[in-house]
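Have a look at the structure below, then the notes.
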Amino acid sequence: KMKVNYRHIIALFVLLLGLGTTLSAQNEKKAIRQGNRAFSSEEYNESEIDYRRALEANPASFKESFNLGDALYKQEKYDEAARTFEEIKASNVDNAQKANVFYNLGNSLFKQEKYKESVEAYKNALRLNPNDVQAKYNLSEAQRKLKDQQNNQNQDQNNDKKDNKDNKDNKDNKDKDQNKDNKDKNNDNKDSNKDNKPNNENNNQQQKPQPQSISPEDAQRILDAMQNNEKDVQQRVKEQKAKAAKVKVKKDW
């Protein structure tokens, strides 16, 4: 039975591991050099590719991440640049390097008009490096922009409120005018109906004479008068007949 020499296997494994590490380090350094040359030539897209290749070899590298953030910023990929600087702001590096991270983070946020966040980034840079004149200047600019932004937002809100109020007033006035028109129209219709509607009460009074009341005494007097007139008529008739009987008729021969 063949004996296995474990010491040789371990040694070979260590050798291969070391060789792999060496090759990875060489690839990392090569990618960094290429990235730096491309960055200096303002070929920022190429430098981004090289820095990402270097990070594949060493994902924890602060230097490659920082350079990548710069390459993204130069391509105006401000959102990606800001995320890259955010990821390395807590790295275990000295204050000067951290200050540079916050400074670049502030610039990336400023370009996105995120003035409130950029103000905080510049303040953090100055806490770590109070003598950074450029950070002080950028901070004042970010504060000025933030103030203008807030004033514009307040103005927009006031304009929106004013527009809403004007719209409400216009709607109320329109409703009032509509109601007034409807009311006037209703009044006109009412007056028209009043003119055209027959006055039943007056017509009834004209068509149906009101009965006249008469007292019993008046009724008796009228009846007596009628009887007296009738007697007078009969008396005159008798007198006419008597007179006619006394007249002689002349006979013609």
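The values are calculated or read from the model by the stated rules, or taken from the named source; none is laboratory data. This is a predicted model, so every value here is computed, not measured. Counting neighbours? That spans all protein chains shown, and the Cβs are built from the backbone with ideal geometry, glycine included. Heavy atoms of the whole protein, side chains included, go into the accessibility calculation; ligands, DNA and RNA do not. Shrake-Rupley method; radii C 1.70, N 1.55, O 1.52, S 1.80 Å.
Annotations
- ³J(HN,Hα), Karplus 6.51/-1.76/1.60, whole Hz, each residue of the range 50-58, x for Gly, Pro: 5, 5, 5, 5, 5, 5, 5, 6, 8
- Computed from backbone phi, the HN-Hα couplings of the range 114-125 come to 8, 5, 4, 5, 5, 4, 5, 5, 5, 5, 5, 5 Hz, rounded to whole numbers (Karplus: 6.51 cos²θ - 1.76 cosθ + 1.60, θ = phi - 60°; Gly and Pro given as x).
- Summed side-chain charge close to residue 60 - residues other than residue 60 whose Cβ falls under 14 Å, Lys, Arg +1, Asp, Glu -1: -3
- Remark: the Cα gyration tensor places the range 39-109 in the oblate category, a/c being 1.5 or greater and a/b not exceeding b/c.
- Rounded if a/c under 1.5, otherwise prolate or oblate - the range 61-155, Cα gyration tensor axes: oblate
- Length released on extending from residue 90 to residue 182, taking residue separation times 0.36 nm less the Cα-Cα span: 25.9 nm
- Cross-link pairs exceeding 25 Å in C-alpha to C-alpha distance, out of 29/136; 116/136; 114/165; 77/123; 30/63; 89/111, comprise 29/136; 114/165.
- Here each label is just a point 7 Å from Cα along the line to Cβ, and for residue 60 and residue 123 those points are 3.3 nm apart.
- Computed over neighbours whose Cβ is under 12 Å from that of residue 152, the net charge equals -1, Lys and Arg +1, Asp and Glu -1.
- With all protein chains kept in place, the per residue accessible area of the range 53-146 amounts to 54 square angstrom at a probe of 1.4 angstrom.
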